[in-house]
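Working notes for the structure below.
Since every read-out is calculated from the coordinates, none of them should be taken as a lab result. Small disclaimer: the values here were computed from a predicted structure and weren't measured. All Cβ positions, even for glycine, are placed from backbone atoms using ideal geometry, and neighbour counts span all protein chains on display.
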Amino acid sequence: PPMVSELLREAFELDSRLVRTLKLLLFKPGALAVEFSNNRRASYVSPIRLYLFVSILFFFFLSLGTEFDSAQDTERPQVQVQVDEVEDADPSTLLSLLDESRARRAEEILGRSDNSITRLILLQIANDLEPQSSDAPDPALSFLLGEAVDILYEPGSVARQFMDNLGAGMLVMLPVYALLLKLFYPFRKRFYVENLVFSTHLHTFIYLVFMLQMLLSIPSGVAWLDSGLDLAETACTLWLFVYHYLALKRYFGGGRLVTLFKFGGLITLYLVLLMPTAFLLLLAVVVAQV
């Protein structure tokens, strides 16, 4: 039937476009962005579609890793430490500064085994608190202590919420990086939209490498194989930097030393801007828990 043949044709075309797209993305840094700038985009998967698919896949794998780590620790991480200096701490001031729900959580943490790291941290906090001089507790202190109790009670929930917000935060970094490209290459005949395509392809590649590193980090139980996997992880990290440099060189042109200088400046500024983004994400997680 015509409908079935049309669906098969579109599926085949999508598959062939995906193969061509990944071939350039993985093995020719910057070439895919050049193709789009030269108006040969019909043969490739759109940058934003590819980015969304790969980023969703990446954060799915990342969430699986977070769940696995949380399950491994259960809710009771244990370490063997010396506790003489905090064992006699009086938690009454701490408990008085918490609301009823968090006070119950704090009491449960304090009731854990003697070598529980979360119990020791909470005892240290209680030991450092000074008795309150007034009946009205300091609201800022109560807020911070409540957040600390929530994190100690269930560390995995904070990590999961951070992962939920991280995807949106990284999406914001796409246009930010494109602006940085305009700053470092103001005289190149590249429109902002072209820089945005380059940024999208670069971040897509980064996600793919990160997923590969997650797979390589899974222990095999064989010492020599694990050592080889560790070396492969390191090689992936180094290749990210080399790939980034080569992509800039192919897409914008310029001499090797000039490209290297601009590459270093781009990385530095990007990381500087990434840190407040990460802070805002953590703040959003904290506010969401209030």
Exercise for review: Please give the length that would be gained between L171 and K28 if that part of the chain were fully extended, namely 0.36 nm times their separation in residues minus their C-alpha to C-alpha distance (nm, one decimal).
Suggested key: 49.1 nm
Check your understanding: Taking K189 as the anchor, which lysines have their alpha carbon closer than 19 Å to its alpha carbon, excluding any fewer than eight residues away along the same chain?
Key -> K249, K262
Exercise for review: With a Förster radius of 25 Å, plug the Cβ-Cβ distance of R250 and D15 into 1/(1 + (r/R0)^6) and report the FRET value to the nearest 0.05.
Suggested key: 0.45
Revision key, fill the gap. Note to self: C-alpha centroids of the stretch 194-238 and the stretch 89-119 sit apart, in Å, by 41
